[in-house]
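To start, the structure itself, in structure tokens.
The values are calculated or read from the model by the stated rules, or taken from the named source; none is laboratory data. Nothing here was measured: the structure is a model prediction, and the numbers come from that model. A quick note on method: Cβ atoms are made from the backbone with ideal geometry, for glycine too, and the neighbour counts reach across all protein chains shown.
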Amino acid sequence: MIQMLLEATLIALWAGLMGIDNYNGLTHAHRPIFSGLVIGLILGDVTTGLIIGGTLELIWMGMVPLAGAQPPNPVIGGVIGTAFGILLGEDPNVAVGIAIPFAVAVQGLITLLFTIYAPVMHRMDRHAEAANPWGIEKFNYLGLVILFVMNFVIAFLPINFGVQTAADIVETVPEWITDGLGIAGGIMPAIGFAMLLTIMLRAEYVMFFIVGFLLAAYLELDILAIALIGLSIALYDYYQNKRHDSQPKQAAGEEDFSDGI
Amino acid sequence: MASNELEKNDQSDEELSPELTRKQLIHLGFRSLMLQASFNYERMQGGGWLYSILPGLQHAHRNKKDLSNSMQDNMAFFNTHPFLVTFIMGIVLAMEQNKEDRAAIRGIRVAMMGPLGGVGDALFYLTLLPLTGGIAASMAIEGNIFGPIMFIIVFNVIHFGTRFSLMFYGYRAGVNAIAKIKEGTQRISRGATIVGITVVGGLIATFVTIDVDYFLDFGETEMDIQEDVLDSIMPGLLPLVYTLAMYFLLKKKQSPLILIGITVLFGLLGAYLGILEGGIDDDA
């Protein structure tokens, strides 16, 4: 009993730290390949830990965070998958099945965190305006604490209380809520871009905005290609203006774009 | 915060700050590990970016008003690859310390984040991780403990090597480039803003996801609202309309907090009624 509690706590501590590593630090010790070894050490069965960790790594290999898209959580998947593979003597593919509801649950919590942290940005804006570094720093540290606690709890529950009890708890949230937050999260960068535009956009720049949008929407060009096209336009514009300037006394109106910037 | 945007372009203290030392750059490299600590859907890495470069900004701006303006700018939307971010940090810090025009700094920051994000994904998540992870996994499955150990060493030698060398390289490149450019800052600002605005236009079509999942039933045939109607008018129509709507609401001094609230309700309602498809958690 005491040993079980100790093991569950150690595993949960590892899960909490790796929950942070998944977004910050990024040593990738949170990958199943390495988590498998650590969980094997904690539970005293390194060989099984290695085998399950390796298998889970291959399963999670294709699932990488690209352009902000969130795959099923590899941290909890690796930790719980390996732990139950060892504790119950299950085949890795069965173990991953056990781990999936928890990997989804923690991903749901992360979606919630990323939503709640959007309004926090406006608190941080005020600290930025007041030139208060600690105000910026504390909200970043808080983010780490929340990630740690979420992963700690989600890993601790099933290992200490058993799979079924824990699964019942994590499955109480209706699916449409996590789906809805996910949809809102997909839309929310629109607000960030809109705020950038209120600062950067002027009538004379609207054409470049349109060009960038069309290149991505219709031609589906990579952002690198779009940036290079933008750079070509900027260089052309730069040398055109330079030539204009070297011919003195052009029409006065041509200089207007320099106002304010 | 949109109210004082016009006077925010110039630095009140024009005096250049001393260059950052090697020690300071290493410290900044470590700070960059926190890039996603305050990650969220609205600004993404914006808050973590400010955290990462903050000591550099304090070094560059002794004047409180300048520091305030700089910090506000650096809270804006940001998203790039976390291993390559130090390169942009180096360039931006070189510009900040040289008291470049705020519009130029803003433009450079936005223009660089998207391309480096794509390059980093391809290099690290689509190449390095599957390569090292795959070899290590095949060793581990045979019970070889050196699999995971080799993985963590090789991966991180490349990871931290990239992160810190780009910190130095970016900063050097920034300082040298600025020294060469003797032109008026207005021209540079204009160029940087043109690239930045072009990239933002592209990012809206790439990053903002609104997918309608609704079919009109005509007995014989079905009409897919997203594919048959919206996409045939213009791909990326809803993301563009939504972003512009947010833009005009912000211009009308609507609070961004209200806009976040509206967006969350919009997402929840869309999921509850089943007319919108999950943008980001699709595969979970």
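Can you find a residue that is modelled with pLDDT of 85 or more, within 10 Å of chain A (Cβ to nearest Cβ) and under 30 Å from B:N98 (Cβ atoms) anywhere in segment B:207-224? Looking through segment B:207-224, none of the residues is modelled with pLDDT of 85 or more, within 10 Å of chain A (Cβ to nearest Cβ) and under 30 Å from B:N98 (Cβ atoms).
So which of B:L216, B:L230 ends up being surrounded by fewer than 23 Cβ atoms within 10 Å (Cβ to Cβ), assigned to a helix (DSSP H, G or I) and out of contact with any Ser or Thr (no Cβ under 9 Å at 6 or more places or on another chain)? None of the others qualify; the one that does is B:L230. Restricting attention to segment A:50-61, the residues that are assigned to a helix (DSSP H, G or I) and either facing chain B (nearest Cβ under 7 Å) or at pLDDT 95 or above (or both) total 7. Taking the criterion of being in a helix (DSSP H, G or I) and farther than 16 Å from B:L269 by Cα, the residues of segment A:160-188 that qualify are A:N160, A:F161, A:V163, A:Q164, A:T165, A:A166, A:A167, A:D168, A:I169, A:V170. Checking each residue in segment B:11-34 for being modelled with pLDDT under 80 and either not charged (D, E, K, R) or not assigned by TED's automatic domain parsing to the domain that holds B:D73 (or both) picks out B:Q11, B:S12. Starting from residues that are touching a helix residue (DSSP H, G or I) at 6+ places or on another chain (Cβ under 9 Å) and hydroxyl-bearing (S, T, Y), keep the ones in segment B:121-167 and report whichever is farthest from the other protein chains (Cβ to nearest Cβ). By that ranking, first place goes to B:S165. Screening the candidates B:S68, B:S38, B:S52 for the property of being surrounded by fewer than 21 Cβ atoms within 10 Å (Cβ to Cβ) and either within 10 Å of chain A (Cβ to nearest Cβ) or in contact (Cβ under 8 Å) with a residue 24 or more places away in the chain (or both) yields one hit, B:S68. Among residues of segment A:230-252 that are more than 10 Å from every other protein chain (Cβ to nearest Cβ) and more than 17 Å from B:I108 (Cα to Cα), those with a Cβ under 7 angstrom from a residue that is at pLDDT below 90 and not in a helix (DSSP H, G or I), sequence gap 6+ or separate chain, pair up as A:H244/A:Q250.
A Cβ distance below 9 Å, combined with a sequence gap of six or more or placement on separate chains, defines the contacts here; from segment B:225-237, residues that are away from every other protein chain (no Cβ under 13 Å) reach residues that are acidic (D, E) in the pairs B:I225/B:D213; B:Q226/B:D211; B:Q226/B:D213; B:Q226/B:E277; B:D228/B:E222.
Can you tell me which residue within segment B:242-260, out of those that are outside any loop (DSSP other than H, G, I, E, B) and surrounded by fewer than 14 Cβ atoms within 10 Å (Cβ to Cβ), is nearest to the other protein chains (Cβ to nearest Cβ)? Walk me through how you get there before you give the answer.
So the first thing to find is which residues in segment B:242-260 are outside any loop (DSSP other than H, G, I, E, B), and the list is B:242-251, B:256-260.
Going one step further and asking which of them are surrounded by fewer than 14 Cβ atoms within 10 Å (Cβ to Cβ), we end up with B:248, B:251, B:258.
Values: B:F248: 9, B:K251: 6, B:I258: 10 Å.
Among them, the one singled out is B:K251.
Taking segment A:1-49 as the range and being at the interface with chain B (Cβ under 9 Å from one of its Cβ atoms) and aliphatic (A, V, I, L, M) as the test, the residues that pass are A:I20, A:L26, A:A29, A:I33, A:L37, A:V38, A:V46. Among residues belonging to segment A:149-180 that are surrounded by 24 or more Cβ atoms within 10 Å (Cβ to Cβ) and under 21 Å from the mean Cα position of the chain (by Cα), point out the one that is farthest from the other protein chains (Cβ to nearest Cβ). By that ranking, first place goes to A:A155. Scanning segment B:111-120 for residues that are modelled with pLDDT under 90, within 8 Å of another protein chain (Cβ to nearest Cβ) and touching an Asp or Glu at 6+ places or on another chain (Cβ under 6 Å) turns up at least one hit. The set of residues in segment A:208-223 being over 12 Å from B:V200 (Cα atoms) and either modelled with pLDDT of 90 or more or in a helix (DSSP H, G or I) (or both) consists of A:A217, A:Y218, A:L219, A:E220, A:L221. All of (1) more than 9 Å from every other protein chain (Cβ to nearest Cβ); (2) not in a helix (DSSP H, G or I) hold for A:A131 with one exception: (1).
Consider segment A:178-223. How many of its residues are β-branched (V, I, T) and touching a residue at least 24 places away in the same chain (Cβ under 8 Å)?
First, pick out the residues of segment A:178-223 that are β-branched (V, I, T): A:178, A:183, A:187, A:191, A:198-199, A:206, A:210-211, A:223.
Applying the additional criterion that residues be touching a residue at least 24 places away in the same chain (Cβ under 8 Å) yields A:178, A:191.
Matching residues across segment A:178-223 total 2.
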